[in-house]
Structure formats: structure tokens, C-alpha cells
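Trainee: If you scroll down you'll find the structure; I have some questions about it.
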Amino acid sequence: MNLPNLDMDALRTLAAILRLGSLARAAERVNRSQSAVSQQMRKLESQLGQPVFRKQGRRVVLTEAGDRVHAYALRILALNDEAVHAVHGASIGGTVRFGLPGDFAESWLPAALGQFKKAYPAVRVDVAVERNNALLERLDRGELDLVLAMGHARRADAERLATLPMTWVGAVDAGKRLRSSDVIDMALYHPPCFFREAGTRALDKACMAWRPAFVTASLQSLWAGVAAGLGITLRTSAGIPPQLRRLDGKYGLPPLPRVDVCLHAGGDPASPALKELRRTVTEHALTELAGKKRARSAKRRPS
């Protein structure tokens, strides 16, 4: 029996559909029209001899075969990309100065940078972990080449990667509902800080009294203060330590806005090292941040 060679482009498109949660977004990502993407999926189904998608009410979802081939597609694509980077990555050198906030430095980005280092061993990545405002100030001074930051989508150099909801965060044993008559102890960054501004503005709008009970310039000490019960804070849901919990509506806290996560580039736009690091950070951010937002519909495909 001669087994077919699965189309690599179709597998990559399938992975993009599942990662981005939309055929339209996947088509844009792989630089194809929506009709071309649909044709790719039909070709893949023809090669497999089984349907990859099925109707479920008004939605289209993965079949059991589609779910299985998606898992293999991720492994095949990872191995393919590793092989390509192993050959081409060694020819790329230079230094890239990359800045990111602690929210991502303590979660998924170190692993992404580790993979980049393996793929491009001749590239030196100097990493700076600071607050968002400080990072962008350094980018403007020419001290950094690439910055991943939150809350600055209006800058001309901003490439939006995800929009995340802000959430109130407290200690695991936080249990009572807050009343409008309570004075809320807050754990905050020193100003200026857009999280601080968003939280205090929301409390003021709800006529809820608050006081800055714990003020710091460090994310680690902020988490420690919240865990010790010295105050509540607000961040995104990305990277909340396990000893803390999200405080949803049942605690009586007011709703919060969303925050944009953007990539800001400076440096030499023609630098191959900078281009590859930007691509790596973008792909991982789309998976880790935009992907989480669509987790409930991760196995959907638009009809």
C-alpha cells in the first residue's frame, strides 16, 4: 500500500485554523484566500480518506480523525521547522536587545527564547525585564531593538498581538464579598502605571473607597504582597502565580477594561536576527495569548 505524503502547507494551515480560531485569520496568517484555505482542507481530507471537519449544529468542528491528524500535524511541523532552522539558523548572527515585562518573563517567553537560541546559536539575545513604560523609553533611546509591552497600542510602532481582559487578583483565601462601604487595601505599582490607573478609576467610578496599602516597583514583590493578604491588585490572567486567584464578579468588584499586548520594533529593520526574533515572539504570543482567549472555540472552524 502506497501511503500518501500529507501536504505540509495544508497541515500548517490546519494548525493555524485551530490556533487562531478563525478561517479568515488563518488565511491571512498563511497568505492565502479563504477559498484557497478551504481547498487545502478538502485536499487534506482527500489524502486522509476521511473528513477532517463535521457539522455540529450551526458550527463546524473537528472530527475524531481531524483531532488526531491535528496532533500529528503539530509534531510534523515542529520537526520540519527545527530541521530548517538547524540548517539556516547557523548562518544568522548578531545581537538583538529584547525587552519584556515581568508578566511574560515569568511565564511562557523564556521557553520561546530558549527555542530561538537553539535554532539560531550564533545570535546573541540580550534580555531586559522592566516595566512597560521603562522598556518603551529605552526603545526610543535606541537602547533596545524589540519590546513586547502592554497598554501602548496607540504608538505608531505598535503591532497588536492580543487583547487580554484585566482581572482583579487576590490571595487564595480571599473569601468575603466587598461592600461599597469597605476601604479596599490595594497592592500597586508606583505611578505611572496603566494597571494602577485602570483599577483606581474603576473603583472611583463605583464609589468604592481604596487606599494604597502596598506599593512596589517589582512584580515579584507585588505578587508576594497580594499572597500575604496585604492588598488586592489587578493584572491580566497571563502568568498569575498559583498561590493567587482571580476575584470575579461575586466579590463585588467593578468590571475592568481590556489591555492590548503589542510588539514594538526599533533597531535595524534589515537585520536577519531581529526579523527572526520578531517572528518567533509573534508566533509564540499568538499561541500563548491569542490562543488562550479562544480556548473554548479552539476546535471550531467557521462554516
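Trainee: Who wins for biggest fluctuation among R58, R245, R131 in a Gaussian network model of the chain, springs between alpha carbons below 10 Å?
Mentor: R58
Trainee: Further, regarding this structure: Over the range 164-258, what is the relative contact order in percent, taking alpha-carbon pairs closer than 8 angstrom and at least six residues apart?
Mentor: Numbers: 172 pairs, mean separation 46.8, N = 95.
49 percent.
Trainee: Which of the residue pairs K205/K250; K43/K118; K43/K117 have a Cα-Cα distance greater than 26 Å in the structure shown? Before the final figure, lay out the partial values.
Mentor: Working: K205/K250 18 Å; K43/K118 34 Å; K43/K117 36 Å.
In this structure, K43/K118; K43/K117 exceed 26 Å between Cα atoms.
Trainee: Would you mind classifying the chain by shape? Square roots of the alpha carbon gyration tensor eigenvalues, ordered a ≥ b ≥ c; an a/c under 1.5 is rounded, otherwise it is prolate if a/b is larger than b/c and oblate if not. If you can, show how the numbers build up before the last one.
Mentor: Working: a/c = 2.50, a/b = 1.46, b/c = 1.71.
In terms of gyration-tensor shape, oblate.
Trainee: With springs connecting C-alpha atoms under 10 Å apart, model the chain as a Gaussian network and identify which of A16, A128, A65 has the largest mean-square fluctuation.
Mentor: Highest fluctuation among the options: A65.
Trainee: Let me ask another. Normalising by the residue count of the chain, find the relative contact order in percent from Cα pairs under 8 Å and 6+ residues apart.
Mentor: Values: 502 pairs, mean separation 75.6, N = 303.
About 25 percent, as a whole number.
Trainee: Here is a follow-up. Taking 8 Å as the Cα distance limit and 6 or more residues as the minimum spacing, I'd like the relative contact order of the range 69-176 as a percentage.
Mentor: Values: 100 pairs, mean separation 30.0, N = 108.
Contact order relative to length: 28 percent.
Trainee: Quick check on the chain: helices-only [θ] at 222 nm, where DSSP H runs of length 4 and up contribute -39,500 (n - 2.57) each and the sum goes over total residues. Nearest 500, please. Present the calculation step by step, with values, prior to reporting the outcome.
Mentor: Details: 10 runs with 119 residues, N = 303.
Result for the chain, helices only: -12000 deg cm²/dmol.
Trainee: Let me ask another. What order do you get for C193, C262 when you list them from fewest to most C-beta neighbours inside 10 Å?
Mentor: Working: C193 17, C262 24.
Starting with the residue having the fewest Cβ neighbours, the order is C193, C262.
Trainee: Hey, another quick one. Can you tell me how the range 1-143 classifies by the Cα gyration tensor, rounded, prolate or oblate, using a/c under 1.5 as the rounded cut?
Mentor: Numbers: a/c = 2.77, a/b = 1.85, b/c = 1.50.
Prolate shape, in that a/c is at least 1.5 and a/b is the bigger ratio.
All of the numbers you see were taken from the coordinates with simple rules; none came from a lab. Only a predicted model underlies this, so the values are computations on that prediction, with no experimental measurement involved. Methodologically, a virtual Cβ is constructed for each residue, glycine included, from the backbone with ideal geometry; neighbour enumeration extends over all protein chains shown.
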